[in-house]
Amino acid sequence: MSLKTSKKLEDANKFELEVSVDGDTFNKAVNKVYKKQVKNINIPGFRKGKAPKHIIEKMYGKEVFYDDAMQDCYPDALYDAAKEAEVKIVAVDSLEAIEAGDDGFTFKAVIVVEPEVEIKDYKGIEVEKKSTEVTDELINDEIEKVRERNSRMVTVEDRAAQDGDIAVIDFEGFVDGEAFEGGKAENFNLKLGSGQFIPGFEEQIIGHNTDEEFTINVTFPEDYQAEDLQGKESEFKIKLHEIKTKELPEVDDEFVKDVSEKETLDEYKEELSEQIKKRLETEADNDVDDQLIEKLIENMEGEIPEAMYDNQINDMLREFDMRLRSQGMDMNTYLKYTGMDIDAVKTMYKPEAEKRVKLRLILEAIARKEAFEATEKDIEDEYNKLAEAYKMDIDKVKKAVSEEGLAEDIKVDKAMKYVRDNASIK
């Protein structure tokens, strides 16, 4: 392959490349296509799939395999040509073969390329770091969460139902004196105050006692899902079988021994303080990064082709589909359950896709300006990290992940670290 000409077009981020593919490469592709297609070709005087290539070419024309052979050559030829032209392909607008023969073929391609964005003021960006102070309130909140996880439900015998209780009820609903479909249940566990039922229903159970039978009146909302009940006044007959409430454990040394490896409440609070401190530090660091990224994007100048966003969205969809499959689902099933279509999912992903594309271009630009490089040690260390993370042999990782791509990622990581290290963090 050789790049004959490279021309920037008037449309932003578009180039026209004229590329030649040598005869040896092209003829190998022609032979590959022949071997693949001959099995389906019938030629009089030959068994199916056994006709020589020159006979087929004589009958159908020498160019019979050219189109498919050129399709086979395009990807590598375009990649090499773009590399020689020092541009990165985002999308291919058009491909046009100019001439082809035994000596190879020449084609023109109009490609969309990655833009060169300008980023100013990436040093000394001012951001504010969130407080990482561990307060008594935070420790007590954490203890309350642990108490909630270790709570148990107990039956209430000596009082009426209260907000927050679980009421075990039978109910049957009537509109204009007639029972309606879906308005009846037995031994239903309803958390009072949860808003699970229509407005006014749960509130009217509060204050009643176990084994009490009573009637409540409610009006269905105008936007209720069942159209025949929208805005209708209704009556529900209720039988309250049981009242249950959540019982939380006492916070003492025995509680601490049950939920941790510590012996005393003071030791447990000290352990929680350390855990909370680490969490707050991580959250604060992530928030600083988010602020830096927002400022970088604000300071970026450049026109980004829509195709870059489309490519990123498609990558995100593939990642999501892989996660779904690991959970025993696929994209089609997900769309069916959620009632969404693929365009709605793409729209949902677009803001994040735009952010990722812009940030990558910005960090690549900073890496170029600061002349960051990925050393052999950097690359080897990163391969080792990947091998450890995925529990794979390092040679297999090296086959799966290109050194060139890994080097670009390392330079981008160095650029982000540089921005962070040079930020003014208050």
Problem - Scope segment 225-282; condition over 17 Å from Glu142 (Cα atoms), in contact with a Phe, Trp or Tyr (Cβ under 8 Å, 6 or more places away or on another chain) and hydroxyl-bearing (Ser, Thr, Tyr); matching residues - result: Ser234
Exercise for the section: Considering (1) open to solvent by less than 30 Å² (accessible area, probe 1.4 Å); (2) modelled with pLDDT of 95 or more; (3) of a type in the set (A, V, I, L, M, F, W, C), say which one Met331 fails and leave the rest. Expected result: (2)
Problem - Selected residue (only one of Ile198, Ile206 is among the aliphatic types (A, V, I, L, M) and over 36 Å from the mean Cα position of the chain (by Cα)) - result: Ile206
Exercise for the section: Answer yes if at least one residue in segment 367-375 is at pLDDT below 95 and aromatic (Phe, Trp, Tyr), and no otherwise. Expected result: no
Problem - Positions within segment 43-98 being among the small types (Gly, Ala, Ser) and either surrounded by 14 or more Cβ atoms within 10 Å (Cβ to Cβ) or under 30 Å from Met308 (Cβ atoms) (or both), in sequence order - result: Ala51, Ala69, Ala77, Ala81, Ala82, Ala85, Ala91, Ser94, Ala97
Practice task
For segment 235-245, indicate whether the set of residues that are assigned to a helix (DSSP H, G or I) and open to solvent by 50 Å² or more (accessible area, probe 1.4 Å) is non-empty.
Solution key: no
Fill in the blank from the handout: Taking segment 103-140 and the residues there that are in a loop (DSSP other than H, G, I, E, B) and touching a helix residue (DSSP H, G or I) at 6+ places or on another chain (Cβ under 6 Å), the one that is most open to solvent (accessible area, probe 1.4 Å) would be Asp103
Practice task
Return yes or no: is Met322 outside any loop (DSSP other than H, G, I, E, B) and farther than 27 Å from Ala12 by Cα?
Solution key: yes
Practice task
Give me a count of the residues in segment 28-42 that are at pLDDT 90 or above and buried (at least 17 other Cβ atoms within 10 Å of the Cβ).
Solution key: 5
Practice task
Under 9 Å between Cβ atoms, at least 6 apart or on separate chains: pull out the pairs that start in segment 50-72 with a residue that is in contact (Cβ under 8 Å) with a residue 40 or more places away in the chain and within 14 Å of Phe26 (Cβ to Cβ) and end on any residue that is open to solvent by 20 Å² or more (accessible area, probe 1.4 Å) and not charged (D, E, K, R).
Solution key: Ala69/Asn27; Ala69/Asn31; Ala69/Tyr34; Ala69/Ala100; Met70/Leu95; Met70/Ala97; Met70/Ala100
Exercise for the section: Pick out the one residue from Ile293, Ile313, Ile304 that is in a loop (DSSP other than H, G, I, E, B) and surrounded by 15 or more Cβ atoms within 10 Å (Cβ to Cβ). Expected result: Ile304
Problem - Ala367 vs. criteria among the aliphatic types (A, V, I, L, M), closer than 18 Å to Glu118 by Cα and over 21 Å from the mean Cα position of the chain (by Cα) - result: yes
Problem - Residues of segment 372-426 satisfying the condition of being under 30 Å from Ser131 (Cβ atoms) and either open to solvent by 70 Å² or more (accessible area, probe 1.4 Å) or outside any helix (DSSP H, G or I) (or both) - result: Asp413, Lys417, Arg420, Asp421, Asn422, Ala423, Ser424, Ile425, Lys426
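The values are calculated or read from the model by the stated rules, or taken from the named source; none is laboratory data. Note that the structure is a prediction, hence the values are computed from the model and not measured. Neighbour counts run over all protein chains shown; Cβ positions are idealised from the backbone, glycine included. SASA here: full protein model, heavy atoms, side chains in, ligands and nucleic acids out. Shrake-Rupley method; radii C 1.70, N 1.55, O 1.52, S 1.80 Å.
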